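**Q** Can you keep this structure in mind? I'll have questions shortly.
Just so you know, all these numbers are worked out from the coordinates, no wet-lab data involved. Keep in mind that what you see is a predicted model, and the values were worked out from it rather than measured. Cβ placement follows ideal geometry from the backbone for every residue including glycine, while neighbour counts extend to all protein chains displayed.
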Amino acid sequence: MVMKKYLYLFVPLVFGIPFLLLADLFPLHRYGMFSGLARPEIVFSQYSIHIHLAGKWQKLEAENEYLDKNYFPMEAMRAFGDKESENKLVSKIRASLRVKPDSIRLESDSASASTTYRIIFPQK
Amino acid sequence: MNKNIPWLIVGIAGFILLFLVENMGLRMVEEMANGQSDPMLFRLYPSFPIKLQTMGLERVQEYLFQIKYRWLLLIGFTWFLSTNMESPKVAVPDLKSLQWKVRLFFGVQLVYLPDLFKEITLRNQWKAFYTPLPFFSKILPTFPSIWLLQFLVVFAFAVCAFFILSKWTPSEKLPAWIALAGFLFWTVLLLVFFGYSKIDHTYASLYSGYIFMVIWLFYWKRFPEEGWIGFRLFQAGIWGCYFFSGLEKVFLSGIHWISTEHFQTLCWLHPGTLCEPILSVPFLPELLLTLVLVFQLTTFLQWRFPWWGYVTAIGGLIFHLSTWLVLDVGGWQSPWILMLVFLLPIGKKTATKPSGTS
């Protein structure tokens, strides 16, 4: 009987701790199920990473929905205009690609950004 | 003494305690919003500044303010589980039927392990970007070797093979421990899967079910006559995903969740082909969102009325197919859909509860 009482507690424990403390912890949650109207416009969707390969510019894509639509734009937004972050981003991109790009640039459609694109590799 | 009094005491005492520390939390958040950051809070919750930026100070404070009410709700929920466990309406599945349900669960995993591995292999190429969520980074600070991940997938397959092919009985030690090992393999694989700043909910109900499956098997080993209790918990692990998701919607957005504007937001985030036609019909978005909320908030009824499993399973199927067709989220092959099978109150039942249960 005591064992059973412990078991009753298990469901609230597993779900309850996130429910009490951590819910909606992750602002980049893809589905937006928890947020309703609380979710504002996702600003990083206005940013993108482009690479220059075989003589033409193309958008950096991993053929993965999350990485392409959320993660790379977010990385671009975070790095945009910050020299140190831009350098880190260049290293990550070059480490991930088998064929190394000639150039890498960040683009922004954001009205608040002072420039619409920044060449982050090669460094001027 | 009335058996409900301890529940009442725990509920009220927790409420008062949370009420007393509430101001401290509100002050910390305000300081953070004003740039007077608390390093401890940053360490615990590094993405909090983003949250503050996206939600705004007022909503974050509102969220903190809600915690004491969430506590009351949780205590009420636990009370509900406790008082309805021995419901006379609960038919007890027989041993063979329960064993087949366990086998089926491991069979379901076999369907999804290859896809999970495919996703992880893809992430391996982009491992330079690996940035696990704050808590997970303590467990897996760097992207593990792909060889290790391959081994883990093979081990997870082996666990499934054990449950499907061998003649195990619940009174043995082995099944419970093997299930625990399988659970740990899945945990590592999912931590890697989550290693790009986000939680992915693709396997949420499967993983939640797995947590309770391990508990179920250990309990079943200790009390061989009462395997059905563990099965009910396993079911709670599945319907609980919907129930708590529904509660979050109510707590975070309230009545605003059911509005055309919210449907528009969802469509903007996940543009699907059916978005425009639905938005063009008056009140249809509100109706659909209301149905989702009602479906999720009523899933807990299965604990009291097992036949509600039919409602949840059919409702869940429609829900997942709809999110796929309308919002292009998930798909027909979603593991969530297969997990709904376990909510169906089917399988051979014993006429009465086994002795030893009240």
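**Q** Hey, what does the equivalent ellipsoid look like for the range B:215-277, semi-axes from the Cα gyration tensor as sqrt of 5 times each eigenvalue, largest first, whole Å? List each step's numbers first, then the result.
**A** On the way: eigenvalues 327, 37, 11 Å².
One finds semi-axes of 40, 14, 7 Å for the range B:215-277.
**Q** Let me ask something else. Relative contact order of the range B:268-346: what whole-number percent is it, with Cα pairs under 8 angstrom and at least 6 residues apart?
**A** Details: 63 pairs, mean separation 29.4, N = 79.
Worked out over the range B:268-346, it gives 37 percent.
**Q** Determine ³J(HN,Hα), in whole Hz, for all residues of the range B:306-318 in sequence, where each value follows from phi through the Karplus function 6.51 cos²θ - 1.76 cosθ + 1.60 and θ = phi - 60°; x replaces Gly and Pro.
**A** x, 5, 4, x, 5, 5, 5, 5, 5, x, x, 4, 5
**Q** Take the Cα of B:Q36, step 7 Å along the line toward its Cβ, and report every residue of the range B:62-79 whose backbone nitrogen sits under 19 Å from that point.
**A** It comes to no residues whatsoever.
**Q** Amide H to amide H, which residues 5 or more places from B:T298 or on other chains are under 5 Å from it, using H placed in the peptide plane?
**A** none
**Q** Another question, if that's okay. To the nearest 20 debye, what is the magnitude of the charge dipole of the protein assembly as shown about its Cα centre, counting +1 on the Cβ of each Lys and Arg and -1 on the Cβ of each Asp and Glu? Before the final figure, lay out the partial values.
**A** Details: 43 positive and 32 negative charges, 304 e Å.
Dipole size: approximately 1460 debye.
**Q** Please work out the FRET efficiency for the pair A:A54 and B:L122, using the Cβ-Cβ distance as r and a Förster radius of 22 Å; give the result to the nearest 0.05.
**A** Details: r = 22 Å, r/R0 = 1.01.
With R0 = 22 Å, the Cβ-Cβ based efficiency is 0.50.
**Q** Next question, about the same structure. Once you keep just the Cα pairs under 8 angstrom separated by 6 or more residues, what percentage relative contact order results for chain B?
**A** Numbers: 364 pairs, mean separation 68.6, N = 358.
Value for chain B: 19 percent.
**Q** Which residues' amide hydrogens lie under 5 Å from the amide hydrogen of A:E61, considering only partners 5 or more residues apart or on another chain, with H built in the peptide plane?
**A** When sequence neighbours closer than 5 places are left aside, there are no close amide H contacts.
**Q** Now for a different question. In nm, to one decimal, how far is the modelled label at B:Q264 from the one at B:W100, with both set 7 Å along Cα→Cβ?
**A** Using points 7 Å along Cα→Cβ, the separation is 5.2 nm.
**Q** Continuing with this model, one more query. Would you mind getting me the FRET efficiency between A:S45 and B:L148? Use the beta-carbon distance for r and R0 = 35 Å, nearest 0.05. Present the calculation step by step, with values, prior to reporting the outcome.
**A** Details: r = 34 Å, r/R0 = 0.98.
Efficiency for this residue pair is about 0.50.
**Q** Taking the simple approach of a point 7 Å from Cα along Cα-to-Cβ for both B:K173 and B:D115, what is their distance in nm?
**A** For B:K173 paired with B:D115, the spin-label model returns 3.7 nm.
**Q** So, one more: For the range B:126-178 and the range B:219-242, write down the distance between their C-alpha centroids in whole Å.
**A** Taking the Cα centre of the range B:219-242 as reference, the centre of the range B:126-178 is 22 Å away.
**Q** Near the amide H of A:S103, under 5 Å away, which other amide H atoms are found, from residues 5 or more places off or on another chain, if H is placed in the peptide plane?
**A** Excluding prolines and chain starts, which carry no amide H, the hits are A:H52.
**Q** How high is the relative contact order of the range B:84-183, in percent, counting Cα pairs under 8 Å that sit 6 or more residues apart? Please list the in-between numbers first.
**A** On the way: 38 pairs, mean separation 35.5, N = 100.
Worked out over the range B:84-183, it gives 36 percent.
**Q** Would you calculate a helix-derived [θ] at 222 nm for chain B, using -39,500 (n - 2.57) for each DSSP H run of n ≥ 4 and dividing by the full residue count, to the nearest 500? It would help to have the intermediate numbers written out before the result.
**A** Working: 14 runs with 242 residues, N = 358.
That comes out to -22500 deg cm²/dmol.
**Q** Using the number of other C-beta atoms within 10 angstrom as an exposure proxy, rank A:E63, B:E31, B:E248 with the fewest first. Intermediate results must be reported in sequence, preceding the final value.
**A** Details: A:E63 8, B:E31 13, B:E248 21.
Result, fewest neighbours first: A:E63, B:E31, B:E248.
**Q** Could you give each residue of the range B:275-290 its phi-based ³J(HN,Hα) in whole Hz, using Karplus coefficients 6.51, -1.76, 1.60 with θ = phi - 60°, and x for Gly or Pro?
**A** Running phi through 6.51 cos²θ - 1.76 cosθ + 1.60 with θ = phi - 60° gives 4, 4, x, 5, 5, 7, 9, x, 6, 5, x, 4, 4, 5, 5, 5 Hz.
**Q** Separate question: Counting other C-beta atoms within 10 Å, which of B:Y196, A:Y6, A:Y47 has the fewest, and how do the rest follow? Provide the component values of the computation, followed by the final result.
**A** Details: B:Y196 25, A:Y6 11, A:Y47 21.
With the sparsest Cβ surroundings first, the list reads A:Y6, A:Y47, B:Y196.
**Q** What is the Rg over Rh value, at two decimals, for the range B:122-271, using alpha-carbon atoms and the Kirkwood definition of Rh? List each step's numbers first, then the result.
**A** Numbers: Rg = 19.1 Å, Rh = 18.1 Å.
Result for the range B:122-271 is an Rg/Rh of 1.06.
**Q** Measuring from label point to label point, each 7 Å out along Cα→Cβ, what is the B:L52 to B:T290 span in nm?
**A** Going by the 7 Å Cα→Cβ label model, 4.0 nm.
**Q** Apply the Karplus curve 6.51 cos²θ - 1.76 cosθ + 1.60, θ = phi - 60°, to the phi angles in the range B:210-224 and return the couplings in whole Hz, x for Gly and Pro.
**A** Per residue, the Karplus-derived 3J(HN,Hα) values read 5, 4, 6, 4, 5, 4, 4, 5, 5, 5, 5, 5, 6, 10, x Hz.
**Q** For chain B, can you list the cysteines whose C-beta has no other cysteine C-beta under 4.7 Å from it?
**A** B:C160, B:C241
**Q** So, one more: In what sequence do B:C241, B:C160 fall when counting other Cβ within 10 Å, fewest first?
**A** Taking fewest neighbouring Cβ atoms as first place, the list is B:C160, B:C241.
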